[in-house]
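Visitor: Shown below is the structure under consideration.
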Amino acid sequence: MAIKTRFAPSPTGYLHVGGARTALFSWLYARQHQGQFVLRIEDTDRERSTEASVNAILEGMEWLGLTYDEGPYYQTQRFERYKEVIQQLLDQGDAYYCYCSKDELETLRAEQMSRKEKPRYDGRCRHGSNVKHDVRPVIRFKNPTEGAVVITDCVKGDITINNSELDDLIIARGDGSPTYNLTVVIDDWDMGINYVIRGDDHINNTPRQINILKALNVEPPRYAHLPMILGDDGSRLSKRHGAVSVMQYREDGFLPQALLNYLVRLGWSHGDQEIFSIAEMIEHFDLASVNVSASAFNTEKLLWLNHQYIMTAEPAAVTPHLQWHLDNQGINTEAGPAVEAVVVALRERSKTLKEMAAASRYFYQDFESYDEKAAKKNFKGEAALVLQKLLVQFTALVKWDGEALHQIVLETAQAMDLKLGKVAQPLRVAISGQAATPAIDVTLTLLGRSKTLARIQRAIDYISR
């Protein structure tokens with residue numbers, strides 16, 4: 001049997017890390033088994049669903065590279081199908097109209113709580129004895145009252161829920177619109193979803209959904225409920241822990257592959273391996289190896305992982321992502337070194353692409369001022385004379401070559417009987433405006449002849465004021 005999974009977010013906000021991990025696990029499981037992965041937008045909550053949220057989900061999936069084989073499907077385009085199944089349940093006696101008002105239900109709830117009972121609908125309309133012609137009824141599913149539902153969970157093992165613990169849930173509101181537990185059942189059925197991988201906050205819904213499927217004489221899918229993600233302090237994940245939009249990680253300079261690698265390790269492991277290529281994730285991922293307990297989100301670990309990816313990935317693969325950040329920071333790269341060469345020069349010292357883009361600005365744009373501390377420390381003593389000698393020799397250089405440039409710096413230090421730092425540091429500040437750059441020969445090569453000579457002369461003029 002071909003594996004078919006789905007990711008079914010509600011477009012009531014952005015795609016966050018919890019949703020992205022669910023999508024990733026579903027995607028990996030389908031890919032590992034040469035199956036199909038479906039994207040479904042559960043947008044029946046019309047008041048809270050927005051087009052902006054839909055776009056955020058689609059954008060996040062695209063950036064992460066979680067390509068889907070079918071979809072996106074939209075539940076709001078399937079209302080006729082839901083009505084058809086609701087009518088089927090009514091006709092076969094597995095659903096009924098409920099005329100209870102909001103006040104009546106609130107009174108029932110208060111009475112149950114006063115008796116220290118679990119608040120639940122008591123089925124008073126179950127046998128058609130509470131008809132009210134001035135009320136727009138909801139439709140409830142007639143849940144079995146005997147027996148139990150056994151969820152054979154791929155992560156948590158068998159979970160048994162007695163039917164006596166479940167009440168008759170609403171499957172259609174008074175205006176006729178279907179509710180979540182009904183639509184998700186029909187969608188999974190119609191779309192042939194046979195593995196439902198989702199957060200364990202859905203466990204309470206699962207026995208209800210299985211009972212609806214059984215009433216429709218449909219074999220339920222296999223379920224895998226993923227443990228939640230906590231903050232590193234053990235509390236519920238919030239924005240301060242990293243529960244932000246997936247696209248915020250792009251804004252902050254993370255590579256999508258690094259984020260995927262981090263997410264796959266939140267609740268799953270393969271021995272002691274920390275860094276996985278996408279191909280390795282697909283090869284090794286297994287639902288049986290997903291942890292039962294919650295995982296803690298650690299931003300420092302994600303930063304470390306991102307740095308590893310920046311340092312070890314093929315520069316050509318990093319280049320388009322850095323180009324996005326350069327564009328985002330208003331840095332025009334047309335008059336300057338190849339972006340791929342900048343990746344190679346700066347990857348050792350850059351934890352994020354945002355940081356790398358900011359650090360590379362001086363390659364493409366003249367800076368307005370020198371770092372005050374760097375200038376005070378390095379533009380003194382013989383600095384002006386050092387820069388004058390370098391300017392003469394750089395001007396005379398026939399071929400602008402890293403090795404030749406490095407040799408000039410060395411020879412200048414020897415000729416002036418100075419330590420290399422007394423030559424290289426004033427030069428570094430002169431051409432970049434700051435004290436830290438890649439190796440001086442690399443920096444000079446990337447900057448090019450005209451920018452280098454102009455900036456050295458500018459520094460000489462600055463020191464001589």
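Visitor: How far is the Cα center of segment 337-414 from the Cα center of segment 1-26, in Å?
Guide: Answer, in whole Å: 47.
Visitor: At R0 = 60 Å, how high is the FRET efficiency between residue 148 and residue 248 if r is their beta carbon distance? Nearest 0.05 is fine.
Guide: Using R0 = 60 Å, I get an efficiency of 0.90.
Visitor: Right, here's the next one. What is the dipole size for segment 16-160, taken about its Cα centre, with +1 at each Lys and Arg Cβ and -1 at each Asp and Glu Cβ, in debye to the nearest 20?
Guide: Working: 21 positive and 23 negative charges, 99 e Å.
About 480 debye.
Visitor: Where Rh denotes the Kirkwood radius from the mean inverse Cα pair distance, what is Rg over Rh for segment 274-381?
Guide: 1.13
Visitor: Taking θ as phi - 60°, what are the ³J(HN,Hα) couplings along segment 201-214 by the Karplus curve (6.51, -1.76, 1.60), each to the nearest whole Hz, with x for Gly and Pro?
Guide: Karplus values, whole Hz, x for Gly and Pro: 6, 8, 4, 5, 7, 4, x, 5, 5, 5, 5, 5, 4, 5.
Visitor: In whole Hz and in residue order, list the ³J(HN,Hα) couplings for segment 267-282 that follow from phi through the Karplus curve 6.51 cos²θ - 1.76 cosθ + 1.60, θ = phi - 60°; x for Gly and Pro.
Guide: Values, residue by residue: x, 9, 9, 9, x, 9, 5, 9, 10, 10, 6, 4, 4, 5, 4, 4 Hz.
Visitor: If packing is taken as the average number of other Cβ atoms within 10 Å across a peptide's residues, how do 245-256, 357-368 rank, most packed first?
Guide: Numbers: 245-256: 20.2, 357-368: 17.9.
Those peptides, ordered most packed to least, come out 245-256, 357-368.
Visitor: Right, something else. How would you classify segment 314-364 from its alpha-carbon gyration tensor, with a ≥ b ≥ c the square roots of the eigenvalues: rounded for a/c under 1.5, else prolate if a/b is greater than b/c, otherwise oblate? Mind dumping the intermediate values first?
Guide: Values: a/c = 1.37, a/b = 1.24, b/c = 1.10.
Rounded shape, in that the Cα axes give a/c under 1.5.
Visitor: OK, next. Identify all aspartates and glutamates with a Cα-Cα distance to residue 451 below 17 Å; exclude those on the same chain that are fewer than 8 residues away in sequence.
Guide: Output for residue 451: 334, 366, 368, 401, 441, 461.
Visitor: Right, another one. Sequence neighbours fewer than 8 away in the same chain don't count; with that in mind, list the lysines whose C-alpha is under 20 Å from residue 142.
Guide: 83, 102, 118, 132, 214
Visitor: Evaluate E = 1/(1 + (r/R0)^6) for residue 449 and residue 324, where r is the Cβ-Cβ distance and R0 equals 30 Å; express this FRET efficiency to the nearest 0.05. Present the calculation step by step, with values, prior to reporting the outcome.
Guide: Working: r = 29 Å, r/R0 = 0.97.
Given R0 = 30 Å and the Cβ-Cβ separation, E is 0.55.
Visitor: Another question, if that's okay. So the label point goes 7 Å from the Cα of residue 70 along Cα→C-beta, right? Which residues of segment 18-55 then have their backbone N under 18 Å from it?
Guide: Answer for this model: 23, 26-43.
Visitor: Using only the alpha carbons of the chain, determine the length spanned along each of the three principal axes and report them from longest to shortest in whole angstroms.
Guide: 104, 45, 40
Visitor: What is the projected area of the convex hull of the Cα atoms of segment 1-134, averaged over all directions, in nm²?
Guide: That works out to 12.4 nm², a quarter of the Cα hull's surface.
Visitor: Taking θ as phi - 60°, what are the ³J(HN,Hα) couplings along segment 445-461 by the Karplus curve (6.51, -1.76, 1.60), each to the nearest whole Hz, with x for Gly and Pro?
Guide: Once rounded to whole Hz, the list reads 4, 5, 5, x, 4, 5, 5, 4, 5, 5, 6, 5, 4, 4, 5, 4, 5.
Visitor: Run through every distinct alpha carbon pair of segment 339-465 and return the Kirkwood hydrodynamic radius in angstroms, one decimal place.
Guide: Values: mean 1/r = 0.0679 Å⁻¹.
Roughly 14.7 Å, rounded to one decimal.
Visitor: Convert 4 °C to kelvin, take the viscosity as 1.567 mPa s, use the Kirkwood radius over C-alpha pairs of segment 78-226 as Rh, and evaluate the Stokes-Einstein diffusion coefficient in µm²/s, rounded to a whole number.
Guide: My calculation gives 79 µm²/s for D.
Visitor: List the trypsin sites (Lys or Arg not before Pro) within segment 158-223 that DSSP assigns to loop and that have no more than 14 neighbouring Cβ atoms inside 10 Å.
Guide: Numbers: sites: 173, 198, 208, 214, 222; in loops: 173.
Counting only loop positions with at most 14 other Cβ atoms within 10 Å, the trypsin sites (Lys or Arg not before Pro) in segment 158-223 are 173.
Visitor: Report the one residue of 462, 52, 32 whose Cα lies farthest in the direction of the positive end of the charge dipole of the chain (charges on C-beta: Lys and Arg +1, Asp and Glu -1; origin at the Cα centre).
Guide: Of 462, 52, 32, it is 462.
Visitor: Roughly how far apart, in whole Å, are the Cα centres of segment 427-465 and segment 271-318?
Guide: Segment 427-465 and segment 271-318 have Cα centres separated by 39 Å.
Visitor: Amide H neighbours of residue 297 under 5 Å, counting only residues 5+ apart in sequence or on other chains, H built in-plane at 1.01 Å?
Guide: For residue 297, the qualifying residues are 230, 231, 232.
Visitor: At 7 Å along the Cα-to-beta-carbon direction for both residue 136 and residue 88, put a label point, then send me their distance in nm to one decimal.
Guide: 2.6 nm
Visitor: Oh, and also: State the extension gain, in nm to one decimal, for the chain segment bounded by residue 190 and residue 47, taking 0.36 nm per residue of separation less the distance between their alpha-carbons. Don't skip to the end; give the middle numbers.
Guide: Working: separation 143, 0.36 × 143 = 51.48 nm, distance 2.57 nm.
Length difference between fully extended and current span is 48.9 nm.
Read the figures in this text as sums done on the coordinates, not as results from a lab. Source: prediction; values computed, not measured. All Cβ positions, even for glycine, are placed from backbone atoms using ideal geometry, and neighbour counts span all protein chains on display.
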